[in-house]
Each structure stands twice: as C-alpha cells, then as structure tokens.
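The values are calculated or read from the model by the stated rules, or taken from the named source; none is laboratory data. Small disclaimer: the values here were computed from a predicted structure and weren't measured. Because the Cβ atoms are built from the backbone with ideal geometry, glycine has one as well, and the counts that use them run over all protein chains shown.
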C-alpha cells in the first residue's frame, strides 16, 4: 500500500507508519428543489446559480505504527490542521482539507491510528501555463477539467481578449477576470493586438 504526504510530512519516512487503507467519499451535489403545490414532481433549481456545486468530500485513513512516540508525534502534527494531502498512488494531484484523528488503538506494541480529512470537492492538478506572442489576430484553445477556474492573465503590450462573446481590452499588467472562467473541455479565446500573453491556471477533477 502506498503512503501519503500531509503538508511536508511523509507518513512512512517521518512516522514509520504503514497505510492500511485510504477511502475516498465523493462530494454530494448541493441539490435545490422547490415543491409544486398540487402538482406533480418539483422544480429543480440545482443549477440556477450557473452550474452544479458540491459539498465537501471526505478521505478516511487507517495507519499502523510500531512506536508509541511516532504515533503521538503523528497525531500531534496532523490533528486539526488544514493542509495539502498527496496520495502516492496518484502523485500528480493534491487534495486540500482539514485532518482529524478519529480513533486510536493499541495491541501489544502495535498502534492503530484512524484519521479523516474533510476536503474540497476537487483534487487539483499541476499548474498549466500557455504563452503566446501576438501579432494580429488568432484563436487560443485551452482545455480544462470539471473544476471551473479563472486563469491568471499576464499581458505585455496592448491585447484584446474575447471569451464567450465578451471582449476585454487589456494593457500591460496582470489580470483575473471573472467573466473569463474556464469550464470542462475546450475553452476558446480570440486574441488580437501586438504583444505577449501568458495564461496560467490549475485544473481540478472531482474527487
């Protein structure tokens, strides 16, 4: 069984802990229904604010340790803290949430520690960076995953960016524009002017 990294602490290297299991509970959809008095069914307003949103997800861990001091150190280091969590079985992603120790047990010289992490509904991928030198007009197509993400846009020169039919005239600077929020799949931007543009964003998948 692979281990895990909590913040800058590795479960095996820092505590000598063996991870017996890790179980991920996907986030529930935040559903919103309005009953129709005297009528069939109901009105589904789940996507009324612009898309499906989610509750937190959960990750359950069970560890076996062979030293009481290491068990206490692991509990003291992690319990109640919010941090990045990387599972070695999928090192390209990380989760973010708060960790709680929910039970511990001793059998002879063997110790058991069970923990739970309440995490954001998306596991986060590496940062994507796209740079272009603009002379005239062109289309840029960037792919994203299920998590909506607002790219960080850095401009040199004078460049106009159009996304979903809305045009923005940008001078040299760094921008985050709510109207430019990437969705799952291809995202098309029409770019014109003279200068350079850099788009930086982090993809995220549902856990």
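Summary of values
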| read-out | value |
| --- | --- |
| The stretch 1-15: number of residues that are touching a strand residue (DSSP E or B) at 6+ places or on another chain (Cβ under 6 Å) and either free of Cβ contacts under 8 Å to residues at least 24 places away in the same chain or not in a helix (DSSP H, G or I) (or both) | 6 |
| Strands (runs of 3 or more DSSP E) fully within the stretch 148-207 counting 2 or more residues that are under 15 Å from the mean Cα position of the chain (by Cα) and closer than 21 Å to residue 53 by Cβ | 185-206 |
| Where residue 150 falls short, out of the listed (1) modelled with pLDDT under 95; (2) out of contact with any strand residue (DSSP E or B) (no Cβ under 7 Å at 6 or more places or on another chain); (3) closer than 30 Å to residue 119 by Cβ | (1) |
| Some residue of the stretch 114-121 being in the same structural domain as residue 59 (by TED's automatic domain parsing), touching a residue at least 40 places away in the same chain (Cβ under 8 Å) and over 23 Å from the mean Cα position of the chain (by Cα) | yes |
| Strands (runs of 3 or more DSSP E) fully within the stretch 32-103 counting 2 or more residues that are surrounded by 14 or more Cβ atoms within 10 Å (Cβ to Cβ) | 57-65, 82-87 |
